[in-house]
1. Which peptide among 47-55, 96-104, 198-206, 319-327 comes first, and what is the full order, when sorted by highest mean count of other Cβ atoms within 10 Å?
2. What's the local net charge at Ile351, with K and R +1, D and E -1, over the other residues with C-beta under 10 Å away?
3. Quick one: net charge around Phe132, please, counting Lys, Arg +1 and Asp, Glu -1 for every other residue with C-beta under 14 Å from its C-beta.
4. Principal axis extents for the range 49-164, Cα atoms only, whole Å, descending order, please.
Amino acid sequence: MFFQIFAYLTEAVIVYMYIRHIYEPKKNKLISFITILVSYLMLFFIYRFIINIEFVNTIIITLTNIVIIYFCFKSSFKSSIFHGIILCILQIISEFLTAYITSLIYNIPVQNSIDNHFEIGVVLSRILYFLFSNFLSKISVKETNVKTWGKWFALSLLPLSSIFVIIVMKIITDSIALKSYQNILIIISISFLLVINIIIYFVYEQAEKNNQKLLELELTNQKNDIDMQYLNLIEKKNETMNVMAHDYKNHMIAISSMSNQAEIKNYIDNMLGEITKYNQIGKTKNKFLDIILSKYMDICNSKGIEFETHILNDNLNFINDFDLSTLFNNILDNAVEAASKSTVKFINLEIVNSLTFHHKITVINSSDIEPTGKNGDLITTKKNKSIHGFGTKSIRKTIKKYHGEMEWEYDKGLKQFKLVILFPENKIE
């Protein structure tokens with residue numbers, strides 16, 4: 001009995017290792033691990049004292065795996081079904097391969113090999129189970145609880161069919177002393193089913209990866225479309241404001257020239273300074289860049305963020321409007337997000353054509369919270385990482401298109417985030 005409990009506990013550990021590699025736990029790792037251990041101990045007592053029928057046992061353990069994945073980890077229901085069935089087929093293949101191999105070695109019926117060499121069977125089957133599940137987990141992608149995961153769960157019909165075939169095969173051959181060649185044929189057949197299921201797993205993973213990339217692209221395009229519509233509205237507003245500012249400026253100059261009172265002249269001169277400053281919004285000679293900067297000047301004003309721009313001898317006119325929108329909307333969105341939560345709120349943007357023949361973009365913004373990164377990429381701090389986090393990917397994609405490079409650093413003392421982007425000359429696709 002002790003060894004049977006040991007068998008179920010080791011199985012629980014293998015299941016936890018597989019699931020943990022694919023999903024994040026909903027609460028914490030310890031609670032998830034304990035839940036799996038308790039669940040498998042309950043399975044042991046069910047099989048030992050209540051019911052022990054091959055097909056029923058398989059259904060119970062499959063349902064247990066699905067419930068564990070769905071309720072303890074951040075998974076969609078369809079994805080839970082697929083991986084719950086995969087765990088079951090791996091367990092069955094591991095146990096039955098071991099049973100038929102020991103039956104071949106000792107030249108006894110399969111059931112006798114299970115009963116008489118239980119300890120050996122447990123050790124070998126758990127080793128195989130660990131190797132198979134570990135291999136599959138290595139080629140899998142980290143999943144989330146987004147509903148789009150598991151879209152291809154219908155592929156689990158083949159693992160289900162494999163489970164049925166293997167169990168039927170065992171029931172038929174349970175009490176029969178198979179000849180060596182028959183044992184070998186069954187072992188080859190089960191191994192073939194294993195290979196087929198690994199291929200199905202690989203197809204599932206690739207389909208899910210492509211599906212997530214498509215979702216990411218759709219979300220990015222939706223954001224860019226919204227940005228483009230907003231920028232078009234700002235363009236119309238800017239045209240109107242520039243005309244009004246120009247007209248008011250001329251009126252003020254005329255009034256100032258007619259007045260001899262110093263106080264009135266000073267007042268009008270101050271108004272002219274404000275009008276001139278307003279009229280200077282977006283004078284980079286890149287119309288679309290002007291519109292983007294105008295947008296973020298409005299946003300920063302509304303959030304109490306000081307926004308300074310220094311556009312020196314470079315307006316990035318080699319970047320098309322769509323890519324320019326993607327690049328600066330994402331960069332400045334991140335800067336505004338960080339600066340708005342800071343004690344000192346500021347953003348400095350500088351665009352220059354450096355002496356080393358590079359187009360250089362530098363963004364420095366206040367940030368009381370140190371950003372987190374992985375492999376040089378910034379990681380979103382927003383709660384729903386499955387929906388957010390595409391911004392830095394879009395930035396890198398745009399930079400790569402124009403053969404550029406990006407570096408960032410954080411100064412803990414000054415609580416400042418600095419982003420530098422370099423684009424080489426004459427290497428634009």
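Here, each number is a calculation from the coordinates, and none is a lab measurement. The shown structure was predicted, so the numbers you read here are calculated from the model rather than taken from an experiment. Note that we place each Cβ from the backbone using ideal geometry, even for glycine, and neighbour counts take in every protein chain shown.
1. Ranking, from highest mean packing down: 96-104, 319-327, 198-206, 47-55.
2. Net charge around Ile351: -1.
3. Summing Lys/Arg as +1 and Asp/Glu as -1 gives 0.
4. Here the Cα extents, ordered largest to smallest, are 50, 33, 24 Å.
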